[in-house]
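For reference, the structure discussed in these notes is given below.
Bear in mind these aren't lab numbers, they're just calculated from the coordinates by the rules spelled out. Quantities reported herein were computed from a predicted structural model and do not represent experimental measurements. Every residue, glycine as well, gets a Cβ built from its backbone with ideal geometry; the counts of neighbours run over all protein chains shown.
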Amino acid sequence: MSKVLIIGAGGVGTVVAQKIAADPVFTEVMLASRTKSKCDAVAAAIGGDRVQTAQVDADSVPQLCELMRSFRPDLVVNVALPYQDLTIMDACLECGANYLDTANYEPRDEAHFEYSWQWAYQDRFREKGLTAILGCGFDPGVTAIFTAYAAKHHFDEIHYLDIVDCNAGNHGMAFATNFNPEINIREVTQKGRYYEDGRWVVTEPHEIHRSLNYPGIGERESYVIYHEELESLVKNYPTIRRARFWMTFGEEYLTHLRVIQNIGMARIDPIMYNGVEIVPIQFLKAVLPDPKSLGANYHGQTSIGCRIRGVKDGRERTYYIYNNCDHEKAYAETGTQAVSFTTGVPAALGASMWAKGLWRGAGVFNVEEFDPDPFLAELGRQGLPWVERFDIDLEV
Ligand code: NDP
């Protein structure tokens with residue numbers, strides 16, 4: 001029985017609040033964010049006074065601590081932005097709360113993704129006997145849990161790991177991002193990076209691409225980009241020789257992205273405009289569609305999974321484990337599109353794993369370090385069923 005504080009009331013926070021509110025392992029639930037009215041709207045839709053709400057600036061450790069000292073959460077679920085990871089972890093340490101997030105820390109002034117900042121909290125969480133669970137969305141999150149499941153049940157050694165992420169949905173807009181536009185554009189415009197033979201290979205953005213066949217969807221052009229779970233997976237599975245992350249993009253999306261970059265709207269450094277300092281990408285976020293608003297007209301599916309090659313009992317084998325999620329179904333259940341749904345469901349389920357004592361430990365953990373079995377046993381029932389295929393052509 002646990003008290004949980006959810007921070008962030010965007011698309012992902014909306015799904016997390018709904019799923020956590022429906023889980024009886026949580027005795028009390030609070031949703032806090034920068035804009036309290038958004039929390040109130042989510043809580044009202046859930047109803048029954050199940051979810052309390054509060055305003056908090058998660059960039060401020062004193063504000064977070066004030067809230068945490070009055071509510072006294074056992075666990076804090078961070079679904080605000082990656083910029084807030086470290087302040088929320090600091091507040092958890094100060095107030096004795098456990099921690100879970102879905103995206104690794106990013107400094108505001110540098111589009112740079114690595115776990116080092118959060119792994120540096122290892123000793124402090126261990127000394128306090130607290131658990132910090134990093135990257136418990138879909139990717140990172142379920143993709144790492146799929147890999148852990150493959151390693152536990154189907155392979156003696158994993159040699160090649162290709163994580164494939166396809167969004168074949170259509171929202172009818174000329175250009176929109178599926179989660180926070182600022183974070184999304186920073187992620188997809190950076191250089192590509194993958195792991196091979198003990199080193200990281202850097203490519204130009206979207207340099208490596210090929211058409212891949214996604215189940216129930218068909219062929220989609222897929223691009224190698226850097227994604228944060230690669231860093232923890234190659235550390236936790238040292239037999240991996242090559243690890244890559246592929247994401248699909250449509251021609252239209254890439255054209256818009258190129259224009260946005262070429263005209264300077266993807267810049268993350270402040271500029272002066274009419275005597276006011278603005279950051280172009282933050283201004284762009286203000287004029288782009290809110291990802292939360294895309295759901296109503298979104299059709300089609302996402303398909304995200306792991307294509308793995310390795311050995312079992314001395315024999316080479318291939319394995320593909322994936323989930324397909326339908327945008328319309330996600331919207332009918334939660335009022336959000338599939339990208340918020342596929343992130344929010346695993347975050348709420350990871351919180352439940354912690355609350356039930358199934359995922360515990362003193363220190364900082366990536367999700368693949370916990371037992372994947374109880375998580376995957378429940379994932380389908382929560383709306384994200386998964387499929388396994390053995391000894392097939394992986395294409396990659
Ligand atoms: P949104 O922008 O929709 O929501 C973010 C929320 O955080 C908003 O409610 C925002 O408040 C709030 N927030 C921002 N800054 C602060 C602050 N300083 N203090 C308090 N609250 C703050 O983003 P999403 O819901 O799309 O994404 C949420 C997280 O999920 C992100 O970290 C994203 O990277 C991650 N994610 C992870 C994925 C995965 O598979 N692992 C996939 C997709 C997303 P306000 O409403 O006032 O702006």
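Rounding to the nearest 20 debye, state how big the charge dipole of the range 234-318 is about its Cα centre with +1 on each Lys and Arg Cβ and -1 on each Asp and Glu Cβ.
So the dipole magnitude of the range 234-318 works out to roughly 760 debye.
Applied to the range 210-216, the Karplus parametrisation 6.51 cos²θ - 1.76 cosθ + 1.60 on θ = phi - 60° returns per-residue 3J(HN,Hα) values of 6, 7, 10, 9, 9, x, x Hz, with x for Gly and Pro.
Net charge near Cys65, counting Lys/Arg +1 and Asp/Glu -1 over other residues with Cβ under 14 Å of its Cβ?
Details: positive: Arg69, Arg72; negative: Asp57, Asp59, Glu66, Asp90, Glu94.
The answer is -3.
Per-residue Karplus couplings for the range 245-254, computed as 6.51 cos²θ - 1.76 cosθ + 1.60 with θ equal to phi - 60°, are listed in order as 10, 10, 10, 7, 9, x, 4, 4, 4, 5 Hz, Gly and Pro entered as x.
Between the residues Gly135, Pro346, Leu358, the greatest Cα displacement towards the positive end of the dipole of the chain, with unit charges on the Cβ of Lys, Arg, Asp and Glu, is found for Leu358.
By its C-alpha gyration tensor, with a ≥ b ≥ c as the square roots of the eigenvalues, how is the chain shaped: rounded for a/c under 1.5, else prolate for a/b larger than b/c, else oblate? Rounded is the answer for the chain, as its axis ratio a/c remains below 1.5.
For the range 110-215, averaging the sequence separation of C-alpha pairs within contact (under 8 Å, six or more residues apart) and dividing by the residue count gives a relative contact order of 16 percent. Only Lys, Arg, Asp and Glu carry charge here, each on its Cβ (+1 for the first two, -1 for the last two); on that basis the range 2-134 has a dipole of about 440 debye about its Cα centre. Projecting the Cα atoms of Ala150, Gln52, Pro215 onto the charge dipole of the chain, computed from C-beta unit charges around the Cα centre, puts Gln52 farthest toward the positive end.
Length available on full extension from Ile271 to Arg50: 0.36 nm per residue minus the Cα-Cα distance, which gives 75.2 nm.
Picking from Pro270, Ile260, Phe249, whose Cα lies most toward the positive end of the charge dipole for the range 237-281 (charges on Cβ: Lys, Arg +1; Asp, Glu -1)? Checked the options; the winner is Phe249. In this structure the amide hydrogen of Asn98, modeled in the peptide plane, comes within under 5 Å of the amide hydrogens of Leu75, Val76, none closer than 5 places in sequence on its chain. Note on the range 259-303 and the range 15-94: Cα centroid distance 26 Å, given to the nearest whole angstrom. Summarising the amide proton neighbourhood of Leu31: residues at separation of 5 or more, or on other chains, whose placed amide H is nearer than 5 Å comprise Ile6, Gln52, Thr53, Ala54. Amide H to amide H distances under 5 Å link Asp156 with Val311, Lys312, Asp313, where only residues 5 or more positions off or on other chains count and H is placed in the peptide plane. Rounded to whole numbers, the Karplus 3J(HN,Hα) couplings from phi for the range 152-160 are 6, 10, 10, 9, 7, 9, 8, 10, 10 Hz, using 6.51 cos²θ - 1.76 cosθ + 1.60 with θ = phi - 60°, and x at Gly and Pro. The packing ranking of peptides 115-126, 1-12, 159-170, highest mean first, is 1-12, 159-170, 115-126, where packing means the average number of other beta carbon atoms within 10 angstrom of each residue.
Report note on the peptides 286-293, 232-239: ranked by the mean count of other C-beta atoms within 10 Å, highest first, their order is 232-239, 286-293. For the chain, what is the charge dipole size about the Cα centre, in debye to the nearest 20, if Lys and Arg each add +1 at the Cβ and Asp and Glu each add -1 at the Cβ? Roughly 440 debye for the chain.
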